[in-house]
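The values are calculated or read from the model by the stated rules, or taken from the named source; none is laboratory data. Treat the numbers as computed from the prediction; the structure is a model and nothing was measured. All Cβ positions, even for glycine, are placed from backbone atoms using ideal geometry, and neighbour counts span all protein chains on display.
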Amino acid sequence: MMPVRSCGFLIWRTTPTIQFLLMKHADRWDLPKGHVDPGETDGDCALRELSEETGIQPHDIEIDGEFRFQTQYPVQYSGRARFTKTLLIFLAELRTPRDVKITEHIGFQWFDWSPPHEIQTATIDSLLRAVDEHWRDRAACE
């Protein structure tokens, strides 16, 4: 299987409560993410995709430099060969309130933070468990 790399963000906010952003496809919830372009870094890809898919700009967020979530899974695109996709997700807080502007999805939703979450078993649930563990570890060190 050929490798494919995709990067994106889990964006969270504290107003009105702790919530995280997911994008709506016709059949599932997903993150603002996309494929890395040639010559592009993972971070640059994630920021570009966030801007393209939500309108949220780099100056609107504060990136958690201690968190990275990575997973791999098989994918197949429109009858072509199967690929192994590596997904790398960064974590960031929305520091500047912004209206989400959807361009590639049918909708979006801010979900309340109330672990454990059962939204999408392929990637979202394990990502949210990793964020919960990261936040608990960080709180224990403070």
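Take residue 67 and decide whether it is within 11 Å of the chain's Cα centre (by Cα), within 15 Å of residue 8 (Cα to Cα) and part of a strand (DSSP E or B).
No, not satisfied.
Tell me, which residue of segment 15-52 that is of a type in the set (Ser, Thr, Tyr) and modelled with pLDDT of 95 or more is surrounded by the fewest Cβ atoms within 10 Å (Cβ to Cβ)?
41
Restricting to segment 85-142, name every residue that is in contact (Cβ under 8 Å) with a residue 12 or more places away in the chain, basic (Lys, Arg) and over 23 Å from residue 58 (Cβ atoms).
Once the filter is applied, which keeps residues that are in contact (Cβ under 8 Å) with a residue 12 or more places away in the chain, basic (Lys, Arg) and over 23 Å from residue 58 (Cβ atoms), segment 85-142 yields 85, 129.
Out of everything in segment 75-96 that is touching a strand residue (DSSP E or B) at 6+ places or on another chain (Cβ under 8 Å) and of a type in the set (Lys, Arg), what residue ends up being modelled with the highest pLDDT?
So, considering only residues that are touching a strand residue (DSSP E or B) at 6+ places or on another chain (Cβ under 8 Å) and of a type in the set (Lys, Arg), the one modelled with the highest pLDDT is 95.
Considering segment 78-103 alone, what residues qualify as being in a loop (DSSP other than H, G, I, E, B) and exposed (fewer than 15 other Cβ atoms within 10 Å of the Cβ)?
Result: 78, 79, 80, 81, 95, 96, 97, 99, 101, 102, 103.
Name the residue that is surrounded by the fewest Cβ atoms within 10 Å (Cβ to Cβ), counting only residues in segment 53-77 that are aliphatic (A, V, I, L, M) and in contact with a Leu (Cβ under 8 Å, 6 or more places away or on another chain).
Among those residues, the one meeting the criterion is 63.
Counting only residues that are polar (S, T, N, Q) and touching a Phe, Trp or Tyr at 6+ places or on another chain (Cβ under 8 Å), which one in segment 107-125 is surrounded by the most Cβ atoms within 10 Å (Cβ to Cβ)?
123
Would it be correct to say that residue 72 is in a strand (DSSP E or B), modelled with pLDDT of 95 or more and polar (S, T, N, Q)?
no
Would you check which residues across segment 31-64 are part of a strand (DSSP E or B) and within 26 Å of residue 138 (Cβ to Cβ) and list them?
Listed by number, the residues that qualify are 33, 61, 62, 63, 64.
Among the residues of segment 125-132, are any of a type in the set (Lys, Arg), more than 15 Å from residue 8 (Cβ to Cβ) and at pLDDT 95 or above?
Scanning segment 125-132 turns up at least one residue that is of a type in the set (Lys, Arg), more than 15 Å from residue 8 (Cβ to Cβ) and at pLDDT 95 or above.
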